[in-house]
Amino acid sequence: QKEVEQNSGPLSVPEGAIASLNCTYSDRGSQSFFWYRQYSGKSPELIMFIYSNGDKEDGRFTAQLNKASQYVSLLIRDSQPSDSATYLCAVFSGSARQLTFGSGTQLTVLP
Amino acid sequence: DGGITQSPKYLFRKEGQNVTLSCEQNLNHDAMYWYRQDPGQGLRLIYYSQIVNDFQKGDIAEGYSVSREKKESFPLTVTSAQKNPTAFYLCASRGQYQETQYFGPGTRLLVL
């Protein structure tokens, strides 16, 4: 059973702080990793994807991947109240050509 | 204006009734997917299709059916065999050489 695990939260951080969201996965054959943001009642929207070990930065967002530890994280710098949402980690399996989603971490940024 | 559309936004089902959720995309994507999301849960795969006239069961296909007669369209039917259909249903698509999936706005299904 391919699994993707996330802490469900809720995670609360003050405005301007760094929010750290974590995800582990069980399938060592996983090739690519995605972070989606989902506001309440809305569909997921892609924030970032990462394929290679290390860090990938896009504005206030940084994705970190460690394939040896089967661990991927998302850092949000200078958190804003508008970042309050559920963040879904998804892992792409090349053999199945499909994404497996974690259950999401609910983030609240306090003004 | 390219994208994925789902209709209706809200759908009400009576006991014993089949209902069909629409998903259309004009992104020229080959693969399309249907997911179910329950409150506080992640996304679970119902069915997916990699090409026209072909589709595969996902993790929770029982009580659902699909068709893929056109590249642009991937409708999902929730049959009366699905005893707990209340959920948020999401359609997604992916280009042939891409791994990123893009989502439609979703349909919320409620049982009367």
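The values are calculated or read from the model by the stated rules, or taken from the named source; none is laboratory data. Not measured: the values here are computed from a predicted model. Cβ sites come from the backbone with ideal geometry, for glycine too, and all protein chains shown count toward neighbours. The protein model used for the area step is the full one, side chains on, heavy atoms only, and it has no ligands, DNA or RNA in it. Shrake-Rupley method; radii C 1.70, N 1.55, O 1.52, S 1.80 Å.
Out of the residues in region B:1-30 that are in contact with a Gly (Cβ under 8 Å, 6 or more places away or on another chain) and among the hydrophobic types (A, V, I, L, M, F, W, C), which is most open to solvent (accessible area, probe 1.4 Å)?
Selected residue: B:27.
If you check residue B:86 against the conditions, is it open to solvent by 20 Å² or more (accessible area, probe 1.4 Å) and within 14 Å of chain A (Cβ to nearest Cβ)?
Numbers: open to solvent by 20 Å² or more (accessible area, probe 1.4 Å): yes; within 14 Å of chain A (Cβ to nearest Cβ): no.
Spelling it out, it is not the case that residue B:86 is open to solvent by 20 Å² or more (accessible area, probe 1.4 Å) and within 14 Å of chain A (Cβ to nearest Cβ).
Of all residues in region A:97-111, which are within 18 Å of residue A:17 (Cβ to Cβ) and part of a strand (DSSP E or B)? So that I can check it myself, show each step before the final result.
So in region A:97-111, the residues within 18 Å of residue A:17 (Cβ to Cβ) come out as A:105-111.
Hits for region A:97-111 are A:105, A:106, A:107, A:108, A:109, A:110.
What strands (runs of 3 or more DSSP E) lie completely within region A:1-96 and have 2 or more residues being of a type outside the set (D, E, K, R)? Give the steps one after another, and end with the answer.
On the way: elements: A:4-6, A:11-14, A:19-25, A:30-38, A:45-50, A:54-58, A:61-66, A:71-76, A:85-93.
The strands (runs of 3 or more DSSP E) meeting that bar are A:4-6, A:11-14, A:19-25, A:30-38, A:45-50, A:61-66, A:71-76, A:85-93.
Within the set of pairs 6+ apart or on separate chains, which have a first residue in region A:70-82 that is of a type in the set (Lys, Arg), a second that is in a strand (DSSP E or B), and C-beta atoms under 9 Å apart?
As it stands, the answer is A:77/A:19; A:77/A:61; A:77/A:62, since those pairs meet every condition given.
Among the numbered criteria (1) in contact (Cβ under 8 Å) with a residue 60 or more places away in the chain; (2) away from chain A (no Cβ under 14 Å), which single criterion is violated by residue B:29?
Of everything listed in (1) in contact (Cβ under 8 Å) with a residue 60 or more places away in the chain; (2) away from chain A (no Cβ under 14 Å), residue B:29 misses just condition (2).
Filter region B:89-107 down to residues that are more than 8 Å from chain A (Cβ to nearest Cβ) and either open to solvent by less than 10 Å² (accessible area, probe 1.4 Å) or closer than 12 Å to residue B:7 by Cα (or both), then give me how many there are. So that I can check it myself, show each step before the final result.
Going through region B:89-107, the residues more than 8 Å from chain A (Cβ to nearest Cβ) turn out to be B:89, B:91-98, B:107.
If we keep only those that are either open to solvent by less than 10 Å² (accessible area, probe 1.4 Å) or closer than 12 Å to residue B:7 by Cα (or both) as well, we get B:89, B:91-95, B:107.
So the answer is 7.
Just a yes or no: is a residue in region A:38-59 open to solvent by 60 Å² or more (accessible area, probe 1.4 Å), among the polar types (S, T, N, Q) and away from chain B (no Cβ under 11 Å)?
Of all residues in region A:38-59, those open to solvent by 60 Å² or more (accessible area, probe 1.4 Å) come to A:39-40, A:42, A:45, A:49, A:51-53, A:55-58.
Still in the running and among the polar types (S, T, N, Q): A:40, A:52-53.
So of that shortlist, the ones also away from chain B (no Cβ under 11 Å) come out as A:52-53.
For region A:38-59, residues open to solvent by 60 Å² or more (accessible area, probe 1.4 Å), among the polar types (S, T, N, Q) and away from chain B (no Cβ under 11 Å): present.
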